[in-house]
1. Can you give the helix-only mean residue ellipticity at 222 nm for the chain, where every DSSP H stretch with n ≥ 4 adds -39500 (n - 2.57) and the sum goes over all residues, rounded to the nearest 500 deg cm²/dmol?
2. What is the spin-label model distance, in nm, from residue 235 to residue 119 if the labels are put 7 Å beyond Cα along the C-beta direction?
3. Let a ≥ b ≥ c be the square roots of the eigenvalues of the Cα gyration tensor of the range 91-226; is it rounded (a/c under 1.5), or, if not, prolate (a/b larger than b/c) or oblate?
4. Take the Cα pairs of the range 318-378, get the Kirkwood Rh, then feed it into Stokes-Einstein at 10 °C and 1.306 mPa s and tell me D in µm²/s.
5. Between residue 337 and residue 369, how high is the FRET efficiency from 1/(1 + (r/R0)^6) when r is the Cβ-Cβ distance and R₀ = 22 Å? Nearest 0.05.
6. Using the alpha-carbon atoms, what tilt in degrees (0 to 90, nearest 10) does helix 265-277 show relative to the longest principal axis of the chain?
7. When the convex hull of the C-alpha atoms of the range 197-318 is computed, what volume per residue in Å³ does it have?
8. Let me make sure I get this right: for the range 108-163, a, b and c are the square roots of the gyration tensor eigenvalues over alpha carbons, sorted descending. Under 1.5 in a/c it's rounded, otherwise prolate if a/b > b/c, else oblate. Which is it?
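What follows draws every value from the coordinates through simple rules; no lab data is involved. Since this is a predicted model, take the numbers as computed values, not measurements. As a convention, Cβ positions derive from the backbone with ideal geometry for all residues, glycine included, and neighbour counts pool all protein chains shown.
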């Protein structure tokens with residue numbers, strides 16, 4: 001689950017990570033009032049779940065409250081397009097108005113799970129204010145890394161090593177170390193899968209601040225953090241993905257035209273790969289899970305067909321806990337109730353496969369039955385109009 005910058009800063013502040021003074025605004029009047037309260041120059045920042053806001057025109061500095069109001073009027077309600085939003089962009093519905101600070105250096109701090117090593121990594125770099133992916137691609141030595149032991153957390157000596165390594169002067173080292181330790185504690189205690197400050201700034205008077213904040217949380221740990229669920233902004237998520245989450249379905253929209261319904265994440269990945277190999281392009285990742293009911297299968301179909309780009313559907317099920325006859329009943333019910341008009345290719349193996357195939361054959365619908373994954377992929381690509 002992602003949250004907005006202002007929400008991330010509120011969490012960081014609770015852990016004593018220094019953040020600029022600021023508040024969220026939902027209207028031009030609120031933005032102007034906050035700017036007056038802060039006094040002096042302020043920065044007005046669009047709040048969307050995407051990076052690159054400044055390049056897209058979503059971050060502007062105002063010299064006073066009057067100018068802040070003018071800027072707020074331009075940004076609120078705009079469709080902000082960045083390299084992370086895609087060409088469709090995101091509608092800006094809220095702003096963060098905060099004080100400007102005398103920046104001396106822009107640095108980078110971030111915590112991620114390194115899936116290659118299976119370890120939690122604290123990264124720091126003197127190349128702040130840039131996309132960390134660009135830094136990693138062109139100058140990987142500029143990124144310092146320390147492994148966080150989940151049993152004991154980041155240690156002070158590691159924090160000092162990072163702080164000195166990115167050029168923090170002696171006069172600011174204590175504040176930087178405190179901020180680094182606090183960010184690590186926040187990430188571990190809140191079950192974050194990403195905690196990033198870019199830029200992490202050093203001011204001319206040797207103070208440090210989180211000028212930006214990006215925090216993402218492990219959905220599987222949200223049961224331990226009921227308060228975090230309230231921070232979710234469904235307006236920033238794909239409507240079909242939001243709908244799928246209501247029924248316990250794992251759905252991610254992609255750019256293709258072949259919808260996939262699969263049970264199990266590994267089988268889903270293999271299905272998308274073989275569709276690609278056969279010359280097609282997946283329209284989604286949809287894992288109905290091992291124990292899906294006929295009703296869940298029906299809801300899954302409804303969500304798949306909510307994507308107008310879908311030209312054909314591939315159902316690839318290995319019947320274990322989810323029996324093939326249960327799947328077939330859900331597919332037939334969906335076809336009756338939803339008026340499905342696109343071709344449906346079905347490959348089933350496992351528990352009660354004969355019963356499942358009988359249900360499909362006697363349904364009166366013209367389902368395309370496949371023999372194996374390769375056959376299924378070739379048939380669904382053909383049904384969708386051929387290879388791309």
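1. That calculation yields -10500 deg cm²/dmol at 222 nm.
2. The two pseudo-label positions are separated by 4.2 nm.
3. Judged from the Cα gyration tensor, the range 91-226 comes out rounded (a/c under 1.5).
4. 135
5. Efficiency for this residue pair is about 0.55.
6. The angle comes out at about 80 degrees.
7. Output value, Cα hull per residue: 167 Å³.
8. Judged from the Cα gyration tensor, the range 108-163 comes out oblate (a/c at least 1.5, b/c at or above a/b).
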